[in-house]
Amino acid sequence: MRVVLANILAIYRRELQSYFASPLAYVVAGVFWLLTGFFFVVTLNLLTQQIAYADSLGYTQAIDAPYQFLQAFLGVVSSIALFILPILSMGLYAEERKRGTLELLATSPVTNWAVALGKLLGVLTFFITLLVPLLFYEAIVLSASTPPFSPAVVLSGHLGLILLAAAILSLGMFISSLTDSTIVAAVSTFGLILLLWVIDTLAQRLGGVAGAVLGHLSLLKHYTNLVQGILDSSSLLLFASYILLGLFLTAQAVDAFRFQRS
């Protein structure tokens, strides 16, 4: 077990260092922070205007402004992440194939599971670092709310965002293991994630048992539950299933690659 953990840690460090040394990663981080910062201001201004307009009409019902702001902003962040995450996952294995180092990984003493998990943890850690500035923005705004806003809702929402990212990155890693083209990997991952994002709408139109089953596979539905502060075990299980599925399929794809080379 110690050897396996040491191998995972070694792959994790290697992957994380490669991201912080890559110009593309800094471009992705800059674009992500620019877009999220812009929509942070836009979301806050729109909500402020809506509240001011409601007051001018004499609307007396209380409005939970912090809760509405957090839901709207995290919804925007998740939409931006749909474009950012496939870019982060596209080179996890495609670059290894292109450089000819995937065969070395496939035949090394390190298990495919350890390599896949180390790579996933590395790219996920990089994404989490992108979220840190957003927490400071949100803390400044939410600290001004009266009565004080519950931090549990904030933590639940960001937990959902991290689980969503882990699921997308895991599935994107599998797709990256199938090709040596980063562009093909990114586009294919985006197409798959977009399908899992809107499948709830298709399920509602289908209805019945089949619709209920499809609706349960929706990333948007379960992410929304966590953003709303609902710690539903089914949502946590679904994200864990997508993560494990991506890891399993990646390990199998690398095994198939090694079999082809042998």
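The values are calculated or read from the model by the stated rules, or taken from the named source; none is laboratory data. The structure displayed is predicted, hence computed values, not measured ones. All Cβ positions, glycine included, derive from the backbone under ideal geometry; neighbour counts span all protein chains shown.
The set of residues in region 199-230 being surrounded by 13 or more Cβ atoms within 10 Å (Cβ to Cβ) and hydrophobic (A, V, I, L, M, F, W, C) consists of I199, L202, A203, L206, L214, L217, L219, L220, L226, V227, I230. Scanning region 221-262 for residues that are outside any loop (DSSP other than H, G, I, E, B) and acidic (D, E) gives a single hit, D255. When region 245-258 is limited to residues that are within 19 Å of the chain's Cα centre (by Cα) and either within 19 Å of F190 (Cα to Cα) or modelled with pLDDT under 85 (or both), the one that is surrounded by the fewest Cβ atoms within 10 Å (Cβ to Cβ) turns out to be L245.
If you go through region 15-47 and keep only what is touching a helix residue (DSSP H, G or I) at 6+ places or on another chain (Cβ under 8 Å) and among the β-branched types (V, I, T), you end up with V28, V31, T36, T43.
Determine whether P86 is at negative phi, at pLDDT 85 or above and either surrounded by 19 or more Cβ atoms within 10 Å (Cβ to Cβ) or among the aliphatic types (A, V, I, L, M) (or both). When the stated conditions are applied, P86 passes them.
Residues that are exposed (fewer than 13 other Cβ atoms within 10 Å of the Cβ) and either without any contact (Cβ under 8 Å) to a residue 12 or more places away in the chain or of a type in the set (A, V, I, L, M, F, W, C) (or both) within region 233-244 comprise S233, L237, S241, L244, listed in sequence order. Can you report the number of residues in region 177-218 which are of a type outside the set (D, E, K, R) and either in contact with a strand residue (DSSP E or B) (Cβ under 8 Å, 6 or more places away or on another chain) or over 29 Å from K98 (Cβ atoms) (or both)? Number satisfying all stated conditions: 19. Within region 191-205, is even one residue closer than 15 Å to A253 by Cβ and assigned to a helix (DSSP H, G or I)? For region 191-205, residues closer than 15 Å to A253 by Cβ and assigned to a helix (DSSP H, G or I): present.
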